[in-house]
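The block underneath contains the structure these notes are about, expressed in structure tokens.
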Amino acid sequence: MRFAAVIFDLDGTIIKSEEVWGKAFSAVLDSLGIKTDGSDPHTRGVSIKYNWPSILEKHNVKTDKTAEELEVLTYTEYEKLIPQVKLNDGVLEFMSTLKENSTPLALATSTNWKITDKILEHFKLNDFFENITTGEEVDSPKPAPDIFLTAAEKLGVDPRDCLVIEDSISGVIAAKEAGMKVVAVTGEEDGDDDNFKDADLVVEGFAQISLKAIDALDQD
């Protein structure tokens, strides 16, 4: 494969977790006296801390808690729910194929290190990645490119030689801003493919991604 490295997002891309994150947000809202009638209150692809201001505004919540404090509470609730998280279909096979082709893999996730570590241990994924970058390491979250640029720097690879695998619109924007090619896996994302018009390739699942298709992106 012609790309020097492949950088994966975690939530929604490697794991089916967005519904579980929704439950964690709802649990925190419930502790603040707000019922969400079963709807998912958060915006996918946006970090936990940066979700909270819009959630509080949407539900007209009055609280003395800061976004940072609400972030901690959300992580606490999510950690309880990790057994409900599942791997996305075909992701292990796809990552294994890349590793068999001696392609370095990195992980770039907005989730904090503590939870990322627990997820990787839960699914025995640590050996797949050359390095891991979390949202705690960058000043600006997605859709800013910082997290992908940091991952590329750790790999010692030019960002233009990296391929990103993402599931969110903000993640696609961040990857393109970093100068990288990006495949959007839309399995957990609401909406149609037009939302991912900036992606270089849009698929509904990992079974649709071939090394030949990836090599074709590198020739564009």
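The values are calculated or read from the model by the stated rules, or taken from the named source; none is laboratory data. These figures come from a predicted structure and were not determined experimentally. No Cβ is skipped: glycine too gets one built from the backbone with ideal geometry, and neighbour counts run over all protein chains shown.
Where residues in segment 25-42 are of a type in the set (A, V, I, L, M) and under 15 Å from ALA67 (Cα atoms), which of them is surrounded by the most Cβ atoms within 10 Å (Cβ to Cβ)? Full working, then the answer.
Residues of segment 25-42 of a type in the set (A, V, I, L, M): 27-29, 32, 34.
Among the residues that remain, those that are also under 15 Å from ALA67 (Cα atoms) are: 28-29, 32.
Working: VAL28: 24, LEU29: 22, LEU32: 15.
Only one residue tops the list, namely VAL28.
Regarding segment 135-148, can at least one residue be identified that is modelled with pLDDT of 95 or more, out of contact with any Ser or Thr (no Cβ under 8 Å at 6 or more places or on another chain) and among the acidic types (Asp, Glu)?
no
Spot the failing condition for GLY12; the list is (1) under 30 Å from GLU153 (Cα atoms); (2) not assigned by TED's automatic domain parsing to the domain that holds LEU163, and only one is missed.
Among (1) under 30 Å from GLU153 (Cα atoms); (2) not assigned by TED's automatic domain parsing to the domain that holds LEU163, the lone unmet condition for GLY12 is (2).
Which pairs do you get when a residue that is in contact (Cβ under 8 Å) with a residue 60 or more places away in the chain, found in segment 132-158, comes within reach of a residue that is aromatic (Phe, Trp, Tyr) and surrounded by fewer than 20 Cβ atoms within 10 Å (Cβ to Cβ), reach meaning Cβ atoms under 8 angstrom, with the pair 6+ apart or on two chains?
Cβ pairs passing all conditions: PRO141/TYR50.
Return yes or no: is THR66 out of contact with any strand residue (DSSP E or B) (no Cβ under 7 Å at 6 or more places or on another chain), of a type in the set (Ser, Thr, Tyr) and surrounded by fewer than 19 Cβ atoms within 10 Å (Cβ to Cβ)? It would help to see each step written out before you state the result.
Values: out of contact with any strand residue (DSSP E or B) (no Cβ under 7 Å at 6 or more places or on another chain): yes; of a type in the set (Ser, Thr, Tyr): yes; surrounded by fewer than 19 Cβ atoms within 10 Å (Cβ to Cβ): yes.
Yes.
Which residues, taken from segment 54-70, are of a type in the set (Val, Ile, Thr) and touching a residue at least 12 places away in the same chain (Cβ under 8 Å)? Don't jump to the end; show me each part of the working.
Of segment 54-70, the ones of a type in the set (Val, Ile, Thr) are 55, 61, 63, 66.
Matches in segment 54-70: ILE55, VAL61, THR63.
Give me the pairs, please: first residue somewhere in segment 1-22 and in a strand (DSSP E or B), second residue anywhere and hydroxyl-bearing (Ser, Thr, Tyr), beta-carbon distance under 6 Å, and either six or more positions apart or on two chains.
Final answer for the pair search is VAL6/THR103; ASP11/SER17.
Check off (1) closer than 23 Å to PHE206 by Cα; (2) surrounded by fewer than 20 Cβ atoms within 10 Å (Cβ to Cβ); (3) of a type in the set (Lys, Arg) for LYS118 and give me the number that stays unchecked.
The failed condition is (1).
Within segment 74-96, is there a residue that is among the aromatic types (Phe, Trp, Tyr), surrounded by 13 or more Cβ atoms within 10 Å (Cβ to Cβ) and closer than 27 Å to CYS162 by Cβ?
Yes, segment 74-96 contains a residue that is among the aromatic types (Phe, Trp, Tyr), surrounded by 13 or more Cβ atoms within 10 Å (Cβ to Cβ) and closer than 27 Å to CYS162 by Cβ.
Just wondering, is there one or more residues in segment 43-53 that are farther than 20 Å from LYS114 by Cβ, touching a residue at least 24 places away in the same chain (Cβ under 8 Å), buried (at least 17 other Cβ atoms within 10 Å of the Cβ) and of a type in the set (A, V, I, L, M, F, W, C)?
For segment 43-53, residues farther than 20 Å from LYS114 by Cβ, touching a residue at least 24 places away in the same chain (Cβ under 8 Å), buried (at least 17 other Cβ atoms within 10 Å of the Cβ) and of a type in the set (A, V, I, L, M, F, W, C): absent.
Within segment 47-77, track down each residue that is among the basic types (Lys, Arg) and either under 24 Å from GLU137 (Cβ atoms) or more than 24 Å from the chain's Cα centre (by Cα) (or both).
LYS49, LYS62, LYS65
Among the listed residues GLU136, GLU204, identify the single one that is surrounded by fewer than 20 Cβ atoms within 10 Å (Cβ to Cβ) and more than 15 Å from the chain's Cα centre (by Cα).
Unique residue meeting the criteria: GLU204.
Looking at LYS99, is it assigned by TED's automatic domain parsing to the domain that holds SER210, within 28 Å of GLU204 (Cα to Cα) and either in contact with a Cys (Cβ under 9 Å, 6 or more places away or on another chain) or not in a strand (DSSP E or B) (or both)?
Details: assigned by TED's automatic domain parsing to the domain that holds SER210: yes; within 28 Å of GLU204 (Cα to Cα): yes; either in contact with a Cys (Cβ under 9 Å, 6 or more places away or on another chain) or not in a strand (DSSP E or B) (or both): yes.
It is true that LYS99 is assigned by TED's automatic domain parsing to the domain that holds SER210, within 28 Å of GLU204 (Cα to Cα) and either in contact with a Cys (Cβ under 9 Å, 6 or more places away or on another chain) or not in a strand (DSSP E or B) (or both).
Would you check which residues across segment 23-32 are more than 11 Å from GLN84 (Cβ to Cβ) and outside any loop (DSSP other than H, G, I, E, B) and list them? Give the derivation first.
Our first condition is that a residue be more than 11 Å from GLN84 (Cβ to Cβ); within segment 23-32, this holds for 25-32.
Within segment 23-32, PHE25, SER26, ALA27, VAL28, LEU29, ASP30, SER31 meet the criteria.
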